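Peer 1: Quick one: the structure is below, and I'll ask about it shortly.
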């Protein structure tokens, strides 16, 4: 197999990884947001703030909602992408270029 063919396959695999990472991240964010919204409504009796930057939203609610969603969605996306990376490694035999160690 020529080097260009190996490089082409590696490029295609890395494009597949980019799609896997995007889809898993978006899916995790949507599910997490739904779970948080349900939990917020159950604990406060109100819908979560649609836009925490709206001055009509109480500051404490805006801060709590922003902190909860930001941290939880980021963690869910990270865990989903780690699972996708493990699947990728099992399928391809290496990490995608985007996840290779940076030498530090």
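Peer 1: Suppose R0 equals 35 Å; then what is the FRET efficiency for residue 44 and residue 18 from their Cβ-Cβ distance, rounded to the nearest 0.05?
Peer 2: It comes to 0.35.
Peer 1: Quick one: length gained pulling residue 64 to residue 89 fully straight, 0.36 nm per residue minus the C-alpha distance?
Peer 2: 5.3 nm
Peer 1: Helix-only mean residue ellipticity at 222 nm, the chain, DSSP H runs n ≥ 4 weighted -39,500 (n - 2.57), per residue, nearest 500. What is it?
Peer 2: Theoretical 222 nm ellipticity from helices: -27000 deg cm²/dmol.
Peer 1: If you don't mind, there's one more thing I want to ask. Using 0.36 nm per residue of separation minus the Cα-Cα distance, give me the extension gain between residue 82 and residue 8 in nm, one decimal.
Peer 2: 24.2 nm
Peer 1: If one takes the longest principal axis of the Cα atoms in the chain, at what angle in degrees, from 0 to 90 and to the nearest 10, does the Cα axis of helix 3-44 lie?
Peer 2: 10
Peer 1: Assuming a viscosity of 1.567 mPa s and a temperature of 4 °C, what translational diffusion coefficient in µm² per second does Stokes-Einstein assign to region 8-92, Rh being the Kirkwood radius over Cα pairs?
Peer 2: So the translational diffusion coefficient is about 89 µm²/s.
Peer 1: Tell me, 46, 82, 77 in order of fewest to most beta-carbon neighbours within 10 Å?
Peer 2: 46, 82, 77
Throughout, read-outs are computed from the coordinates displayed, never taken from laboratory work. No experiment lies behind these values; they were computed from the predicted model shown. No Cβ is skipped: glycine too gets one built from the backbone with ideal geometry, and neighbour counts run over all protein chains shown.
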